[in-house]
Each structure stands twice: as structure tokens, then as C-alpha cells.
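*Asks:* So that we are looking at the same thing, I have put the structure below in C-alpha cells.
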Amino acid sequence: MKAKSFLLGLIAGGTAAGISALLTAPASGKETRTVIHTNGNIVKHRLDYLKEQLLDIKRATTTVTTEGKNAFAELSKDLKGSINDWKNEIRPHEQNLKREIQEIETAIQELETTLNQGKNSR
């Protein structure tokens with residue numbers, strides 16, 4: 001019984017809603033269908049345009065990523081080469097500095113030895 005009354009209420013409500021929609025519609029059914037069709041076409045064209053724009057962005061991002069990787073690899077290679085060149089360039093100066101530091105240390109030790117001998121002889 002409950003299912004039968006529910007179904008009867010659903011049919012009556014649907015019929016009332018349909019009649020109400022037909023009587024209060026701002027335009028005729030033909031005009032409404034035309035507006036819906038036109039708006040559907042506009043939305044479709046906008047979505048197609050958006051799709052093309054997103055594909056362009058995807059292609060540009062892929063291109064930039066690839067170029068960025070290549071540029072970074074080249075920069076890294078150039079930087080390593082520059083560092084190696086700099087190391088090779090300073091190597092002779094480094095050897096000279098080490099030799100001069102050793103000479104200064106030797107001179108300081110000799111001076112300390114001389115000063116200590118002078119103190120001990122007094």
C-alpha cells in the first residue's frame with residue numbers, strides 16, 4: 001500500500017511540475033531548444049579553444065624543460081672546465097707558496113734556536 005501511494009504521489013508531482021513548467025516558461029519550447037542548442041555550441045567552441053590553449057601550454061612546458069636540461073648540462077660542463085683550468089693555473093703558485101712557507105718556518109726555527117742559544121750562554 002505504501003509503495004502504491006508513493007508511486008501515485010510521484011506521478012502526480014511530476015505531472016504538476018511539468019504543467020507548471022510549461023505554463024510559466026518564458027519562451028516557447030522551440031525557442032528554448034534553440035537557445036539551449038546555441039549555448040551548447042558556444043560552450044563546445046570555448047572548451048575546444050581551452051583544450052588548444054592547454055595543449056600549447058603543455059608543448060611550451062615540454063620545450064622549456066628540455067632546453068633547460070640541455071642548458072644546465074652545458075653550464076655544468078663549462079663550470080667544471082673552468083674550475084679545472086683555474087686549478088691548473090694556480091698549481092704553480094701553490095707550489096711556490098708552499099715552498100716559501102717552508103722557508104719561513106725554517107727561518108723561524110733557526111731564529112728560535114739562535115735566540116735560545118743566546119739565552120743559555122748568558
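The values are calculated or read from the model by the stated rules, or taken from the named source; none is laboratory data. Keep in mind the model is a prediction, meaning the values are calculated, not measured. No Cβ is skipped: glycine too gets one built from the backbone with ideal geometry, and neighbour counts run over all protein chains shown.
*Asks:* Collect the residues in the stretch 85-97 that are at pLDDT below 90 and of a type in the set (D, E, K, R), keeping them in residue-number order.
*Replies:* Across the stretch 85-97, the qualifying residues are Lys87, Glu89, Arg91, Glu94.
*Asks:* With respect to Val64, is the statement that it is of a type in the set (Val, Ile, Thr), more than 29 Å from the chain's Cα centre (by Cα) and surrounded by 10 or more Cβ atoms within 10 Å (Cβ to Cβ) true?
*Replies:* Against the criterion (of a type in the set (Val, Ile, Thr), more than 29 Å from the chain's Cα centre (by Cα) and surrounded by 10 or more Cβ atoms within 10 Å (Cβ to Cβ)), Val64 does not qualify.
*Asks:* Tell me whether the stretch 47-57 contains one or more residues that are not in a helix (DSSP H, G or I) and not aromatic (Phe, Trp, Tyr).
*Replies:* Among the residues of the stretch 47-57, not one is not in a helix (DSSP H, G or I) and not aromatic (Phe, Trp, Tyr), which makes the answer no.
*Asks:* May I ask you to verify whether Glu110 is surrounded by 10 or more Cβ atoms within 10 Å (Cβ to Cβ), at pLDDT 85 or above, acidic (Asp, Glu) and assigned to a helix (DSSP H, G or I)?
*Replies:* Yes.
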